[in-house]
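Participant: Quick one: the structure is below, questions incoming.
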Amino acid sequence: MIDFENVSKTYPNGIHALYDVNLHIDKGEFVFIVGASGAGKSTFLKLIMHEETPSNGEITIAGKKISKLKRKEVPYLRRHMGIVFQDFRLIDKMTVFDNVAFAMRAVGENTATIKKRVPYVLSLVGLSDKGKRKPSELSGGEQQRVSLARALVNNPEIIIADEPTGNVDPELSHEIIELLTEINSMGTTVLVVTHEHELVREFNHRVIKIDHGRVVDDTSKDNISDDYDDIKNYDDSDDYAELKQFSDDISVASTDE
């Protein structure tokens, strides 16, 4: 599903963000990505979403090499992806239904399909009765569920969750990861970037640790208990403020580029 082959990234200002990264993520895997501030996690995400291109190496997603994609091809790549952001990025003037439906309208889906699909996805995230509410009328946990529904509604092959529990309390953090695990059980590949090592330990999924631009640990779920003491030793601070703020149409994989 996702392959990095000898991938390095050096920015024009000379910062070396990633060094010779090699990894493979299978279709249907659930993977936690962890690491300290400045480790290279945001660059890792940007490369997957084609916000940046590698200086060296090749990235393959869903069987397609993406390093030299033409601009007009990028929206089609993003149709494979649903993005869940820490700060929700909901449109407050829209209802919950319309926030989720917006993702479908952005890719040209017809009204009949939208009316059928959106209530189904809202039911999956436990928001069947919230469709007519505005985001400002919801709790933080409910807003993150709307964000998750929006990411799911176009049935993507990959969910990328960027600190999805960063703005909710510990109990709701558990519920969000539990939801992502349920989604993963239906065959969706899930990548979760997080600094909450207790969740990493509890949910026992594969963990990739990035440190100073290198993959320094790649622990399968079967070995997480044995190796956790090494994995959890990273700085809780994070570097996602540097992740480019997508416009609303890009964050829901619009074809309008």
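Participant: Quick one: in the stretch 103-120, of everything that is at pLDDT 95 or above and either touching a His at 6+ places or on another chain (Cβ under 9 Å) or among the hydrophobic types (A, V, I, L, M, F, W, C) (or both), which residue is surrounded by the fewest Cβ atoms within 10 Å (Cβ to Cβ)?
Facilitator: Ranking the candidates gives Ala112 first.
Participant: For the stretch 108-140, which residues satisfy the criterion of being over 27 Å from Val168 (Cα atoms) and either of a type in the set (Val, Ile, Thr) or in a helix (DSSP H, G or I) (or both)?
Facilitator: Restricting attention to the stretch 108-140, the residues satisfying the condition of being over 27 Å from Val168 (Cα atoms) are 108-116.
Within the stretch 108-140, Thr111, Ala112, Thr113, Ile114, Lys115, Lys116 meet the criteria.
Participant: Would you confirm, using the coordinates I've provided, whether Gly187 is part of a loop (DSSP other than H, G, I, E, B), among the small types (Gly, Ala, Ser) and surrounded by fewer than 21 Cβ atoms within 10 Å (Cβ to Cβ)?
Facilitator: Working: part of a loop (DSSP other than H, G, I, E, B): yes; among the small types (Gly, Ala, Ser): yes; surrounded by fewer than 21 Cβ atoms within 10 Å (Cβ to Cβ): yes.
Yes: the conditions hold for Gly187.
Participant: In the stretch 73-118, which residues are at positive phi and under 19 Å from the mean Cα position of the chain (by Cα)?
Facilitator: The first filter runs over the stretch 73-118 and keeps only residues at positive phi, leaving 88-89, 108.
Listed by number, the residues that qualify are Phe88, Arg89.
Participant: Same structure again: Here is a list: Ser128, Ser147. Which entry is of a type outside the set (D, E, K, R) and out of contact with any strand residue (DSSP E or B) (no Cβ under 7 Å at 6 or more places or on another chain)? So that I can check it myself, show each step before the final result.
Facilitator: On the way: Ser147 fails: out of contact with any strand residue (DSSP E or B) (no Cβ under 7 Å at 6 or more places or on another chain).
Of the residues listed, the single one that is of a type outside the set (D, E, K, R) and out of contact with any strand residue (DSSP E or B) (no Cβ under 7 Å at 6 or more places or on another chain) is Ser128.
Participant: Determine if the stretch 193-206 includes at least one residue that is free of Cβ contacts under 8 Å to residues at least 24 places away in the same chain, farther than 29 Å from Leu138 by Cα and either touching a Lys or Arg at 6+ places or on another chain (Cβ under 9 Å) or not charged (D, E, K, R) (or both).
Facilitator: Checked the stretch 193-206: at least one residue is free of Cβ contacts under 8 Å to residues at least 24 places away in the same chain, farther than 29 Å from Leu138 by Cα and either touching a Lys or Arg at 6+ places or on another chain (Cβ under 9 Å) or not charged (D, E, K, R) (or both).
Participant: Can you tell me which residues in the stretch 59-101 are assigned to a loop (DSSP other than H, G, I, E, B), modelled with pLDDT of 90 or more and closer than 30 Å to Leu127 by Cα? Explain how you work it out, then say what you get.
Facilitator: So the first thing to find is which residues in the stretch 59-101 are assigned to a loop (DSSP other than H, G, I, E, B), and the list is 62-63, 66-70, 79-80, 85-95.
So of that shortlist, the ones also modelled with pLDDT of 90 or more come out as 66, 90-95.
Residues satisfying the conditions are Leu90, Ile91, Asp92, Lys93, Met94, Thr95.
So that you can scan it fast, the table gives a plain yes or no per residue for (1) closer than 20 Å to Arg89 by Cα; (2) at pLDDT 95 or above; (3) not in a helix (DSSP H, G or I):
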site	(1), (2), (3)
Leu148	yes, no, no
Ala151	yes, no, no
Asn154	yes, no, yes
His174	no, no, no
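Participant: Sticking with this structure for a sec: Against the condition within 22 Å of Ala106 (Cβ to Cβ), in a helix (DSSP H, G or I) and in contact (Cβ under 8 Å) with a residue 24 or more places away in the chain, how does Ala161 come out, does it pass?
Facilitator: Details: within 22 Å of Ala106 (Cβ to Cβ): yes; in a helix (DSSP H, G or I): no; in contact (Cβ under 8 Å) with a residue 24 or more places away in the chain: yes.
So Ala161 fails the test.
Participant: Next up: Only residues that are assigned to a loop (DSSP other than H, G, I, E, B), at negative phi and modelled with pLDDT under 95: list them for the stretch 28-52, please.
Facilitator: Quick first cut of the stretch 28-52, residues assigned to a loop (DSSP other than H, G, I, E, B) only: 28-29, 35-40, 49-52.
Okay, now just the ones that are also at negative phi, so 29, 36-37, 39, 49, 51-52.
Ala36, Ser37, Ala39, Met49, Glu51, Glu52, listed by residue number.
Participant: On to the next question. Would you be able to tell me the number of residues in the stretch 21-66 that are crowded, with 19+ Cβ neighbours inside 10 Å and free of Cβ contacts under 8 Å to residues at least 24 places away in the same chain?
Facilitator: Qualifying residue count, the stretch 21-66: 1.
Participant: Could you tell me which residue of the stretch 121-152 is surrounded by the fewest Cβ atoms within 10 Å (Cβ to Cβ), considering only residues that are basic (Lys, Arg) and within 20 Å of Thr165 (Cβ to Cβ)? I'd like the intermediate steps shown before the answer.
Facilitator: Going through the stretch 121-152, the residues basic (Lys, Arg) turn out to be 130, 132-134, 145, 150.
Next, only the ones that are within 20 Å of Thr165 (Cβ to Cβ) stay: 130, 145, 150.
Details: Lys130: 20, Arg145: 26, Arg150: 29.
Among those that are basic (Lys, Arg) and within 20 Å of Thr165 (Cβ to Cβ), it is Lys130.
The values are calculated or read from the model by the stated rules, or taken from the named source; none is laboratory data. Just so you know, these numbers come straight off a predicted model, no measurement behind them. Glycine gets a Cβ as well: all are built from the backbone with ideal geometry, and neighbour counts include every protein chain shown.
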